[in-house]
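The values are calculated or read from the model by the stated rules, or taken from the named source; none is laboratory data. A quick note: this is a predicted structure, and the numbers were derived from the prediction, not measured. Note: ideal-geometry Cβ built from the backbone for every residue, glycine included; neighbour counts use all protein chains shown.
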Amino acid sequence: MDHAWLNIREAADYIRCSVSLVRRLVGENRIPYRRIPDGKLSKILFNRKQLDLWLLCGSQNPTKRQRLTFESIL
């Protein structure tokens, strides 16, 4: 996995959990992700660096300050 953006299955493999758990975390806004419009549907993508920071942070709901730090690191 050398690319920076991961789909749901790749993200689940990367953080070693099930796809259904990743979908639930997205639905509850508890994991960093981006929704990309793709015609009538949209794709959900995950930045590998943001996932690393999210895991290191240990918080499912990062504070505004932590989110700003995530963006500055990327």
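So here's what we get for this one:
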{"read-out": "Filter result (under 18 Å from G58 (Cα atoms) and touching a strand residue (DSSP E or B) at 6+ places or on another chain (Cβ under 7 Å)) within segment 3-31", "value": "A11, Y14, V26"}
{"read-out": "Subset of segment 1-23 (residues that are under 12 Å from the mean Cα position of the chain (by Cα) and among the basic types (K, R))", "value": "R9, R23"}
{"read-out": "Subset tally (residues that are buried (at least 16 other Cβ atoms within 10 Å of the Cβ) and of a type in the set (A, V, I, L, M, F, W, C)) for segment 27-43", "value": "1"}
{"read-out": "Residue within segment 26-43 that is at pLDDT below 95 and part of a helix (DSSP H, G or I) present", "value": "yes"}
{"read-out": "Pairs, first on the phi < 0 side of the Ramachandran plot in segment 3-28, second exposed (fewer than 14 other Cβ atoms within 10 Å of the Cβ) and among the charged types (D, E, K, R), C-beta under 6 Å, six or more apart", "value": "V19/R9"}
{"read-out": "Yes/no for S20 being among the small types (G, A, S), modelled with pLDDT of 95 or more, in a helix (DSSP H, G or I) and surrounded by fewer than 16 Cβ atoms within 10 Å (Cβ to Cβ)", "value": "yes"}
